[in-house]
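Structure, as structure tokens:
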Amino acid sequence: MDKVVIKSYGCGITSFSTPVNSASEFWQSLNVHCAQNQPEFILLFFSRDCFNGKDIISHMRESCPNAKYAACSTAGEITPMGLSDGQLMALCFDQKHFNTSPIMLSPISSTPIDEIVADVHQTKETFIKEYSPEKGLKHFALCLIDGLSYAEEAITAAFHWGLDEIPLLGGSTGDNLEFSDTSLILNGIEKPDSAVLIMVATDVAFELFKSDNFVPTENKLVVTKSDPDKRIIHEFNAAPASSEYAKAIGIEPGSLSPQSFASHPLVIRVGGEYYCRSIQKMNDDGSLTFFCAVDNGIVLRIAKPTGMIDSTNQVLEQLQEKLGGIDMVLGFDCVLRKIDARNRQVTQKISKVYQNNNVVGFNTYGEQYRSMHLNQTLTGVAFSKPKDASPEAAE
């Protein structure tokens, strides 16, 4: 894809995506759209390899000076044409079907949780009062969280508590597996160690969902030495973590790589369900850094991935039935699913599944779903097409 792709969906969302060599046309097209439609809110996702936060802020100031927007860096993009890298994307939510209220919280690694809960609760109460269910509106909340903050579990829980009955989903920002620094922007303000929460009210039918493709084995690893604040495990079963993990999956420690971690995730049991605790990287001292919280005494199991294509299709087919058809999906897809798809040579197939179901979004360093921070999962919100919607258009 070497040009700007614009696609309008009946639910009231218009997507724009472009590689870096067509960025000027992207901003021109977005400028025209904003002038003609004055969108309620804009979400932007961008590759740090090709774009940076300062440029995004500058271009948004010139192209859409009156627009509310949030932007974040990614570990890959999901465009209308499927999985991609090196892209800049914008999703414009129209005023006819959407109302939003965004807030930024920073620094999230040191702000007391009760303060975050109070801020979110107040934002929610004000928003619900103005855009009430009595007006035929339903609500959900989107979040974008710094994927290198080590704070996603606490922030997700705080958001969940403050939102009460409002369901939450979102993704952790990325930097294309550099693990150096990510970018998160709200209305021209870029801050590290931050999170953005966006309250959404809409008259469009929607369903939140998650999809994963792994099952636990009987192969257990007990955390016997860790640094929870930094998400580092030094020892499994009283032995060096990388050596013990490598032995459990049947390879040499020196061969461990992101591909190994994607193909052999670790899972923890919470409330009768298993959730991934995925490995981010192996450190020079043989310890392992994780994408999710870890602590001494927890029991992890080696998981065995199952068919990603079948499991994703099954969830999307269920959503089709619930909604009477999917118009589009805003998706947050773990970068480890992308790596695993590449390992198993199904990248084109999963990309086609996303394209067929109008999934757009980005690859994350973690996913948020209701009260949980997750790994190796696709989370999203699927929208139906309103009865009065015009046929979709693309160019």
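The values are calculated or read from the model by the stated rules, or taken from the named source; none is laboratory data. Not measured: the values here are computed from a predicted model. Here Cβ is always computed from backbone atoms with ideal geometry, including for glycine, and neighbour counts include all displayed protein chains. Remember, those area values only see protein heavy atoms, side chains included, never the ligands or the DNA or RNA. Shrake-Rupley method; radii C 1.70, N 1.55, O 1.52, S 1.80 Å.
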Given the protein chains as shown and a 1.4 Å probe, how many square angstrom of residue 88 are accessible, to the nearest 10?
0 Å²
Of every hundred units of 1.4 Å-probe accessible area on the range 17-56, the number belonging to carbon and sulfur atoms, as a percent, is 41 percent
What accessible area per residue, rounded to a whole number of Å², is obtained for the range 249-289 using a probe radius of 1.4 Å?
45 Å²
Estimated vicinal HN-Hα couplings, Hz - the range 278-293 in sequence order (Karplus 6.51, -1.76, 1.60; Gly, Pro = x)
7, 7, 7, 6, 9, 8, 4, 8, x, 7, 10, 9, 10, 7, 10, 5
Could you work out what % of the accessible surface of the range 254-369 is carbon and sulfur, using a 1.4 angstrom probe and leaving DNA, RNA and ligands out of the count?
42 percent
Which angle between 0 and 90 degrees, to the nearest 10, do you get for helix 113-130 versus the longest principal axis of the chain when only C-alpha atoms count?
30 degrees
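Rounded to the nearest 0.05, what FRET efficiency do residue 252 and residue 320 have when you use their Cβ-Cβ distance and R0 = 45 Å?
0.50
Computed FRET efficiency, Cβ-Cβ of residue 259 and residue 62, R0 51 Å: what is it to the nearest 0.05?
0.80
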Determine the alpha carbon to alpha carbon distance for each of 7/138; 338/387; 3/352; 138/230; 7/349; 191/230 and list only those over 29 Å.
338/387; 138/230
Within the set 106, 73, 255, GNM on the chain using Cα springs under 10 Å gives the largest fluctuation to 255
GNM top mover of 29, 47, 180 - the chain, alpha-carbon springs below 10 Å:
180
Could you give the angle, 0 to 90 degrees to the nearest 10, between helix 347-356's Cα long axis and the longest principal axis of the Cα atoms of the chain?
30 degrees
Relative to the chain, whose Cα atoms define the longest principal axis, helix 308-323 and its Cα axis are tilted in degrees, nearest 10, by 40 degrees
If you take Kirkwood radius over Cα pairs in Å from the coordinates, which of (1) 22.7; (2) 26.7; (3) 21.2 do you get?
(3)
In nanometres, the difference between 0.36 nm per residue of separation and the alpha-carbon distance of residue 122 and residue 103 is 5.7 nm
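For the peptides 58-68, 208-218, what is the packing order when you average, over each peptide's residues, the other Cβ atoms within 10 Å and list the highest mean first?
Result, highest mean first: 208-218, 58-68.
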With a 10 Å cut-off between alpha carbons and a GNM built on the chain, which of 176, 219, 375 moves the most?
219
